[in-house]
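The values are calculated or read from the model by the stated rules, or taken from the named source; none is laboratory data. Computed from a predicted model, the values in this text were never measured in an experiment. Cβ sites come from the backbone with ideal geometry, for glycine too, and all protein chains shown count toward neighbours. Areas reflect the complete protein model, heavy atoms only, side chains present, ligands, DNA and RNA absent. Shrake-Rupley method; radii C 1.70, N 1.55, O 1.52, S 1.80 Å.
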Amino acid sequence: VQLQAYGGGLVQAGGSLRLSCVTSGRTFSSYRMGWFRQAPRKEHELVASINRNSRTYYADSVKGRFTISRDNVKNSVYLQMNSLKPEDTAVYYCAAGDPDLTGFNSWGQGTLVTVSS
């Protein structure tokens, strides 16, 4: 599956951004989907994920501020980010997990989110 993420940009602290990721493939609805981020000098981090049954997971650092959702008709996954903080600054990647495999197996290019203080 191929993934195309977009929606990053520069925003002030306290602001919001919505990331989108469009995927190819005919079996999108069966994939687990996730958003990761990579900040300078920090570990690659799973921010949020959503499975085929729309069960969600959030990292503690974003709980209550970020919302992941999916649209199986549009083959898309979204990340609504509210109350952004400078520490949310990172390159954000969407990823897809094949239902027959574990983890996440396909990755899109990143989109940069910069939060100014």
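Tallying residues that are charged (D, E, K, R) and either closer than 16 Å to residue 47 by Cβ or in a strand (DSSP E or B) (or both) within the range 88-113 yields 1. Note on the range 79-107: residues that are touching a Lys or Arg at 6+ places or on another chain (Cβ under 6 Å) and either open to solvent by 10 Å² or more (accessible area, probe 1.4 Å) or modelled with pLDDT under 95 (or both) total 4.
For the range 30-53, the candidate set comprises residues that are out of contact with any Ser or Thr (no Cβ under 8 Å at 6 or more places or on another chain) and open to solvent by 60 Å² or more (accessible area, probe 1.4 Å); within that set, the residue that is farthest from residue 88 (Cα to Cα) is 53. If you go through the range 80-117 and keep only what is acidic (Asp, Glu) and in contact (Cβ under 8 Å) with a residue 60 or more places away in the chain, you end up with just 98.
Do we find that residue 71 is crowded, with 21+ Cβ neighbours inside 10 Å, charged (D, E, K, R) and free of Cβ contacts under 8 Å to residues at least 60 places away in the same chain in this structure? Here the answer is no, as residue 71 does not meet what is asked.
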